[in-house]
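Q: Here it is, the structure in full.
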Amino acid sequence: MYIVVINCGSSSIKADVLDHYSGKYAGRMSIERIGESNPVMYVDGNQEPLKNAATHEEALEVALPRLLDCLPEDVQVAGVGHRVVHGGSQFQRPVRIDDEVEQAIADLSDLAPLHNPINLAGIRAARRIIPDVCHVAVFDTAFHATLPTRARSYALPQDLSDKLDLRRYGFHGISHAFVAQRAADYLGADLRDLRLITCHLGNGASVCAVEYGRSIETSMGLTPLEGLVMGTRSGDVDPGILIHLLRDGEFDVDSLDDLLNQQSGLAGLSGVTNDMRDIIERAGEGDDRCRLAIQVFSHRLRKYVGAYAAVMGGVDAIVFTAGIGENSALIRHRVAQRLEFLGAHLNEEANRAAELDDESPVARISTATSRTHLLAVETDESYAIAEDVSQLVLEKDRLAGHRPIPVAVSARHVHLRQETVEVLFGEGYQLTPRNDLSQPGQYAAEETVRVIGPNDEFSSVRILGPTRNIDQVEISRTDEFALGIDAPVRGSGDIANTPGIILEGPQGRVELQQGVICAWRHIHMTPDDAKHFGVSDRDVVEVAVSGGDRDLVFGDVLIRVSPDFQLEMHIDTDEGNAANLGADAKGTLISTPGQARLQRRKTTFDPVEAAAE
Ligand code: AMP
């Protein structure tokens with residue numbers, strides 16, 4: 001399926017036509033210097049004249065038909081994808097564009113005044129020029145919709161933050177998600193088993209902690225100004241500086257905006273250029289300001305890498321991508337210095353030799369014995385967008401006629417090992433089934449335990465049987481605050497790096513070292529059900545629930561497949577209350593993940609071979 005992908009920047013447009021499955025390009029066009037007196041257009045690498053390009057819409061009116069004319073005859077365009085920088089809180093996944101969506105993107109312009117209006121201009125022009133296919137907006141913020149509240153909140157008065165939507169959104173999500181998946185494919189691992197730090201180092205730069213496939217921290221915030229040192233953007237500065245400059249009277253809002261967005265970063269530090277290649281060259285010739293620019297850039301990133309490893313309690317791979325990350329051995333070397341404490345050892349030879357292209361888009365630059373992999377990974381945002389568009393084009397047919405899914409609300413409960421049961425209830429004690437649960441063989445036991453947190457405790461927490469090979473305590477977010485504990489959202493059984501808690505029974509106490517989770521909402525299903533819904537074990541989907549008086553769409557729902565399961569969605573009490581669900585609640589699967597993404601590239605990394613190197 002061929003998709004047109006349109007990416008409108010401040011003075012440039014890129015439009016690619018590519019196959020959603022292989023990522024192979026059928027045509028490429030770019031326009032530079034829009035709004036200036038001498039705009040230029042390149043079609044498939046050849047420069048062509050372009051007279052009327054005062055605005056993005058004018059430029060596309062000429063250039064898009066030209067690109068379509070150049071396509072081979074057998075290439076039929078099935079959809080158009082638009083990169084949109086800011087999706088606010090509203091857009092947490094790609095969306096088909098209609099007039100309402102167009103308006104919503106326009107309404108978000110306050111949050112991204114430099115980007116969204118331009119993205120919208122591209123959308124309007126392309127919908128006019130290619131009217132008969134599905135147009136999809138893919139948001140740079142969407143991947144970061146999973147940032148936990150603690151990571152996305154600024155320590156400002158809550159009322160003000162609520163009123164003005166002041167929160168961290170994060171950007172470059174299309175790239176972070178894509179290179180994370182590419183790294184996992186290369187390592188032959190499931191992304192949902194990995195803790196990654198992805199460093200997108202281009203003219204704009206950001207870093208992201210991808211924990212088990214979900215963005216849980218990222219360096220950009222409300223706007224793409226926060227975080228790393230960038231080409232012309234300052235990244236993190238003490239907000240006191242802004243107050244100082246405004247109070248001093250030398251700057252007003254517009255000049256401050258210009259200072260931080262256009263005159264800072266590498267350009268400000270070096271005093272000459274925002275281009276890392278030139279900075280590296282001048283630093284080599286002895287330019288002190290360029291040397292400082294490199295030092296501040298690398299130091300800031302290394303600081304974030306350490307912080308994100310701490311946030312995730314470890315890291316399996318650190319990924320470098322975009323112009324600087326893919327091409328600069330020197331910057332990768334500087335950032336990777338002193339990361340040995342994380343088990344990350346750079347292979348200097350491999351780092352220097354790394355050359356990425358479409359044939360080999362990933363290079364491992366860590367030593368064979370490095371516990372944490374260091375990878376240079378080529379990003380391809382157009383490919384990522386094309387995949388998302390193809391999903392929405394295909395999804396409509398695939399989801400038609402799906403069965404409703406029963407929804408059950410789970411109260412807080414514990415699963416125990418037999419050894420733990422015996423400490424709490426006495427030697428040789430066996431749990432007594434009280435009533436069967438929907439999943440075959442599972443039951444709620446007569447027995448309950450007291451769960452004791454640092455802040456408060458719950459008596460009579462039900463034990464679910466039969467006993468298992470790990471102890472696990474499942475609580476809701478509200479319970480967390482009452483107990484005073486910080487439980488991560490996890491799938492059942494995935495308890496590494498989770499907090500512990502004290503359990504008390506009639507005969508004894510157990511201090512668990514780990515095992516408290518806030519259960520990841522999930523759907524149990526059989527392999528036949530999975531076939532019916534077009535999903536696989538551990539996919540993540542969206543489900544609309546009804547049956548209460550507060551209908552709700554739950555994103556981020558985990559699929560669990562086993563022949564021993566029965567079709568049922570499980571949510572916790574907070575989630576059930578949010579939808580006010582009754583006993584006969586039902587859910588409808590409204591989106592599935594991309595089959596193409598799941599089947600795509602297979603691994604090229606062989607750990608056995610690597611160890612033998
Ligand atoms: P991007 O925004 O991803 O196109 O990245 C642009 C940045 O990548 C610019 O700062 C370039 O100087 C930088 N870049 C590209 N190639 C190299 C290279 N070989 N060494 C250092 N920086 C590079």
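Q: So, in segment 417-472, of the ones that are outside any strand (DSSP E or B) and of a type in the set (F, W, Y), which residue ends up farthest from R509 (Cα to Cα)?
A: Y429
Q: So how many residues does segment 310-337 have that are more than 16 Å from the ligand (Cβ to nearest atom) and either touching a Pro at 6+ places or on another chain (Cβ under 9 Å) or not acidic (D, E) (or both)?
A: 9
Q: Name the residues in segment 174-203 that are within 15 Å of the ligand (Cβ to nearest atom) and not aliphatic (A, V, I, L, M), would you?
A: Answer for segment 174-203, where residues must be within 15 Å of the ligand (Cβ to nearest atom) and not aliphatic (A, V, I, L, M): S175, H176, F178, T198, C199, H200, G202, N203.
Q: Looking at S234, is it over 26 Å from R352 (Cβ atoms) and either modelled with pLDDT under 95 or within 16 Å of the ligand (Cβ to nearest atom) (or both)?
A: yes
Each row is one residue, and each column tells you yes or no for (1) within 16 Å of the ligand (Cβ to nearest atom); (2) touching a residue at least 24 places away in the same chain (Cβ under 8 Å).
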residue	(1), (2)
Y383	yes, yes
S390	no, yes
A411	no, yes
Q418	no, yes
F425	no, yes
Q430	no, no
Y443	no, no
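Q: If you don't mind, another one. Sort out which residues of segment 357-397 are touching a strand residue (DSSP E or B) at 6+ places or on another chain (Cβ under 6 Å), within 28 Å of G9 (Cβ to Cβ) and assigned to a loop (DSSP other than H, G, I, E, B), and write them in order of number.
A: Within segment 357-397, T379 is the sole residue that qualifies.
Q: For segment 143-251, list the helices (runs of 4 or more DSSP H) that sit wholly inside it and hold at least 1 residues that are crowded, with 24+ Cβ neighbours inside 10 Å; which are they?
A: It comes to 173-187.
Q: Continuing with this model, one more query. If only one of A322, A293, A310, A353 is surrounded by 14 or more Cβ atoms within 10 Å (Cβ to Cβ) and under 21 Å from A183 (Cβ atoms), which one is it?
A: A322
Q: Only residues that are surrounded by 19 or more Cβ atoms within 10 Å (Cβ to Cβ), among the small types (G, A, S) and either part of a helix (DSSP H, G or I) or within 11 Å of the ligand (Cβ to nearest atom) (or both): list them for segment 252-267, please.
A: Listed by number, the residues that qualify are G265, A267.
Q: Does any residue of segment 101-111 turn out to be touching a strand residue (DSSP E or B) at 6+ places or on another chain (Cβ under 8 Å), closer than 24 Å to H176 by Cα, crowded, with 16+ Cβ neighbours inside 10 Å and touching a residue at least 24 places away in the same chain (Cβ under 8 Å)?
A: yes
Q: If S366 satisfies every condition in (1) crowded, with 20+ Cβ neighbours inside 10 Å; (2) within 16 Å of the ligand (Cβ to nearest atom) but one, which is the exception?
A: With respect to (1) crowded, with 20+ Cβ neighbours inside 10 Å; (2) within 16 Å of the ligand (Cβ to nearest atom), S366 is out only on (2).
Q: If only one of E326, E285, E340 is acidic (D, E) and under 25 Å from G173 (Cα atoms), which one is it?
A: From the options E326, E285, E340, the qualifying one is E326.
Q: When you scan segment 26-66, how many residues do you find that are surrounded by fewer than 13 Cβ atoms within 10 Å (Cβ to Cβ) and more than 35 Å from the chain's Cα centre (by Cα)?
A: Counting residues in segment 26-66 that are surrounded by fewer than 13 Cβ atoms within 10 Å (Cβ to Cβ) and more than 35 Å from the chain's Cα centre (by Cα) gives 8.
Q: Got a sec? Which strands (runs of 3 or more DSSP E) wholly within segment 13-71 have at least 1 residues that are modelled with pLDDT of 90 or more and of a type in the set (V, I, T)?
A: Hits in segment 13-71: 13-19, 25-32, 40-43.
Q: Shifting gears a bit: Kindly evaluate E281 against the criterion of being away from the ligand (no atom under 13 Å from the Cβ) and farther than 24 Å from L114 by Cα.
A: No: the conditions fail for E281.
The values are calculated or read from the model by the stated rules, or taken from the named source; none is laboratory data. None of these values were measured; they are calculated from a predicted model. Ideal geometry is used to build each Cβ from the backbone, glycine not excepted, and the neighbour counts take in all protein chains shown.
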